[in-house]
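The values are calculated or read from the model by the stated rules, or taken from the named source; none is laboratory data. These figures come from a predicted structure and were not determined experimentally. With ideal geometry, Cβ positions are generated from the backbone for all residues, glycine too; neighbour counts draw on all protein chains shown.
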Amino acid sequence: MQFTFHNPTRIHFGAGQIARIAEEIPANARILLTFGGGSIHRNGVHAQVLAALAGRTVLEFGGIEPNPSYETLIKAVELARAERIDYLLAVGGGSVLDGTKWIAAAVPFVGDPWDIISRQAPVTAAIPLGAVLTLPATGSEANGNAVISRHSTGEKLYFGSPLVFPKFAILDPETTRSLVPRQVGNGIVDAFVHVCEQYLVSRPGTVVQDRQAEAILLALRELGPAAAAGRSDPAVLAGVMWAATNALNTLIGCGVAQDWATHAIGHEITALAGLDHAQTLAVVLPALLRHQQGLKRAKLLQYAERVWDLRDGTPEARIEAAIARTEAFFREVGVPTRLADYHVDAGIASQVAERLRRRGDLLGEARDLTPERVEALLRSAA
């Protein structure tokens, strides 16, 4: 096993940490504050951020959507260029952070900035950015990854670069008190699936990374239902927020095989049907695990025993019980697990398969998930 672990993000965790922004951003910086639909004004986060930046040059760009769109983000790029912005501050959840990462890379990019995503054009420069997290889910506050949609072409695509890691991230669990149950449940499912896609693979894992992954899954199992039910216990809020960060801060993925097929298929469903990102994951993951249980047999048995305490019965029965428990957990936190639950027809399976076929995509850790096999597993989730 060989790997390099590089995570430059400084984390400030706990109540009152928003004030630390002042020491992180240079005093002479021209700052663009990015945010989503305006909840940061209602929950007091916006006021705290501006208080921390008193006396600084701060411009604002709001309206970044869930599943952030190129059409919105390119306006922020134009604003940042025109106003000579040299620092970005993302305040919100994963969509705001993802969108801001693309802005950071797009502003100095020479050429069509969509190429960063559509053609994986190398990112050679980026504006520095920081983050104030208000919705734990994606782990975007501590990684260099982002997913951006383009409505005009119906695409939802990924890019990543070490240059767009946030320089710092503020994680104050108190900022999550105003979240609605749908947001909380989605965040728990997103974090849970992030861990599974680095853990539920066919190759033998490493002792430490496996145990770290299992600890995060167990923490989400323990805290998720209480959080989704609206319990505002500080330990619950803090635990869920820290679990989501650790699910995708690159640590548990060091030196291990990974399988991001669930996310890739889910992105297509979101692009076609508009479902929330986590809703697609809740549909796809159980179906994919059933479809790929032969390949993933050893790790699924480990998952059954260590995460769900399933030790009796045949191996096949334990695997099926673990997948069923996973589905039940997703439903318990308010995220249904069948396409029909979202009034999505099974015909979407052939649409997803055609999009994958057109691009020549083969998914899965063994690249054995052909478009035809993806169609079959999605039809099983109807």
(message) Can you pull out every residue in segment 324-370 that is farther than 16 Å from Ala382 by Cα and either in contact with a Phe, Trp or Tyr (Cβ under 6 Å, 6 or more places away or on another chain) or of a type in the set (Lys, Arg) (or both)?
(response) Arg325, Arg355, Arg357, Arg358, Arg359, Arg367
(message) Here is a check on your reading of the model: is Gly239 without any contact (Cβ under 8 Å) to a residue 24 or more places away in the chain and not assigned by TED's automatic domain parsing to the domain that holds Ala90?
(response) yes
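If a residue has to be closer than 17 Å to His291 by Cβ and aliphatic (A, V, I, L, M) to count, how many in segment 322-342 make the cut?
Start the filter on segment 322-342 by keeping residues that are closer than 17 Å to His291 by Cβ, which leaves 322-324, 326-327, 337-339.
After this cut, where a residue has to be aliphatic (A, V, I, L, M) as well, the list is 322-324, 339.
Number satisfying all stated conditions: 4.
Please determine, by comparing only the residues of segment 104-123 that are part of a helix (DSSP H, G or I) and touching a residue at least 40 places away in the same chain (Cβ under 8 Å), which one is nearest to Asn67 (Cα to Cα).
Of all residues in segment 104-123, those part of a helix (DSSP H, G or I) come to 104-106, 115-118.
Filter again for touching a residue at least 40 places away in the same chain (Cβ under 8 Å), leaving 104-105, 116-117.
Values: Ala104: 17, Ala105: 18, Ile116: 17, Ile117: 14 Å.
Applying the filter and picking the extreme gives Ile117.
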(message) Being out of contact with any strand residue (DSSP E or B) (no Cβ under 9 Å at 6 or more places or on another chain) and surrounded by fewer than 22 Cβ atoms within 10 Å (Cβ to Cβ) narrows it down to one residue among Ala215, Ala282, Ala238, Ala243; which is it?
(response) Ala215
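Determine which member of the set Thr326, Thr314 is more than 17 Å from Thr262 (Cβ to Cβ) and either buried (at least 19 other Cβ atoms within 10 Å of the Cβ) or at pLDDT 95 or above (or both). Before you say what the answer is, go through the steps one by one.
Numbers: Thr326 fails: more than 17 Å from Thr262 (Cβ to Cβ).
Answer to the check: Thr314.
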(request) Please state which one of Val107, Val58 is at pLDDT 95 or above, out of contact with any Leu (no Cβ under 7 Å at 6 or more places or on another chain), among the β-branched types (Val, Ile, Thr) and not assigned by TED's automatic domain parsing to the domain that holds Asn186. (result) Val107
(request) Quick one: Tyr303 ticks every box in (1) more than 13 Å from Ser202 (Cβ to Cβ); (2) in a helix (DSSP H, G or I) except a single one, so which number is it? (result) (1)
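Identify, please: which residue in segment 222-235 is charged (D, E, K, R) and either under 18 Å from the mean Cα position of the chain (by Cα) or at pLDDT below 95 (or both) and is, among those, surrounded by the fewest Cβ atoms within 10 Å (Cβ to Cβ)?
First, pick out the residues of segment 222-235 that are charged (D, E, K, R): 222, 231, 233.
Pick out the ones that are also either under 18 Å from the mean Cα position of the chain (by Cα) or at pLDDT below 95 (or both) and you get 231, 233.
On the way: Arg231: 13, Asp233: 11.
That would be Asp233.
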(request) Would you tally the residues in segment 343-373 being surrounded by 16 or more Cβ atoms within 10 Å (Cβ to Cβ) and among the basic types (Lys, Arg)? (result) 2
(message) Condition check: farther than 30 Å from Gln48 by Cα, surrounded by fewer than 23 Cβ atoms within 10 Å (Cβ to Cβ), without any contact (Cβ under 8 Å) to a residue 24 or more places away in the chain and of a type in the set (Val, Ile, Thr). Does Thr153 satisfy that?
(response) yes
(request) Only one of these is surrounded by 15 or more Cβ atoms within 10 Å (Cβ to Cβ), outside the structural domain of Ala235 (by TED's automatic domain parsing) and in contact with a Gly (Cβ under 7 Å, 6 or more places away or on another chain): Ile18, Ile74, Ile31, Ile40. Name it. (result) Ile40
(message) If Arg338 satisfies all but one of (1) closer than 24 Å to Leu220 by Cα; (2) without any contact (Cβ under 8 Å) to a residue 40 or more places away in the chain; (3) surrounded by fewer than 21 Cβ atoms within 10 Å (Cβ to Cβ), what's the number of the condition it fails?
(response) (2)
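Select, from Ala226, Ala238, Ala213, Ala191, the only residue that is assigned to a helix (DSSP H, G or I), among the aliphatic types (A, V, I, L, M), touching a helix residue (DSSP H, G or I) at 6+ places or on another chain (Cβ under 6 Å) and more than 25 Å from Ala131 (Cα to Cα). Give the derivation first.
Working: Ala238 fails: more than 25 Å from Ala131 (Cα to Cα); Ala213 fails: more than 25 Å from Ala131 (Cα to Cα); Ala191 fails: more than 25 Å from Ala131 (Cα to Cα).
It is Ala226.
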(request) Given the conditions (1) in contact (Cβ under 8 Å) with a residue 24 or more places away in the chain; (2) not in a helix (DSSP H, G or I), report the number of the one that Glu320 does not fulfil. (result) (2)
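From the list Ala278, Ala264, exactly one residue is touching a residue at least 24 places away in the same chain (Cβ under 8 Å), touching an Asp or Glu at 6+ places or on another chain (Cβ under 6 Å) and either in the same structural domain as Thr138 (by TED's automatic domain parsing) or over 19 Å from Ala215 (Cβ atoms) (or both). Which is it? Steps first, answer last, please.
Details: Ala264 fails: touching an Asp or Glu at 6+ places or on another chain (Cβ under 6 Å).
Sole residue among the options that is touching a residue at least 24 places away in the same chain (Cβ under 8 Å), touching an Asp or Glu at 6+ places or on another chain (Cβ under 6 Å) and either in the same structural domain as Thr138 (by TED's automatic domain parsing) or over 19 Å from Ala215 (Cβ atoms) (or both): Ala278.
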(request) Could you figure out which of (1) out of contact with any Asp or Glu (no Cβ under 9 Å at 6 or more places or on another chain); (2) surrounded by fewer than 23 Cβ atoms within 10 Å (Cβ to Cβ); (3) more than 18 Å from Leu200 (Cα to Cα) isn't true of Ala271? (result) (1)
(message) Suppose we filter Pro166, Pro204 for residues that are touching a residue at least 24 places away in the same chain (Cβ under 8 Å), within 30 Å of Gln302 (Cα to Cα), not charged (D, E, K, R) and not in a helix (DSSP H, G or I); which single one remains?
(response) Pro204
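For residues that are of a type in the set (Ser, Thr, Tyr) and more than 26 Å from Ile11 (Cβ to Cβ), scanning just segment 112-149, find the one that is surrounded by the most Cβ atoms within 10 Å (Cβ to Cβ). So that I can check it myself, show each step before the final result.
The initial filter retains those residues of segment 112-149 that are of a type in the set (Ser, Thr, Tyr), namely 118, 124, 134, 138, 140, 149.
Still in the list and also more than 26 Å from Ile11 (Cβ to Cβ): 118, 124, 149.
On the way: Ser118: 16, Thr124: 11, Ser149: 26.
Only one residue tops the list, namely Ser149.
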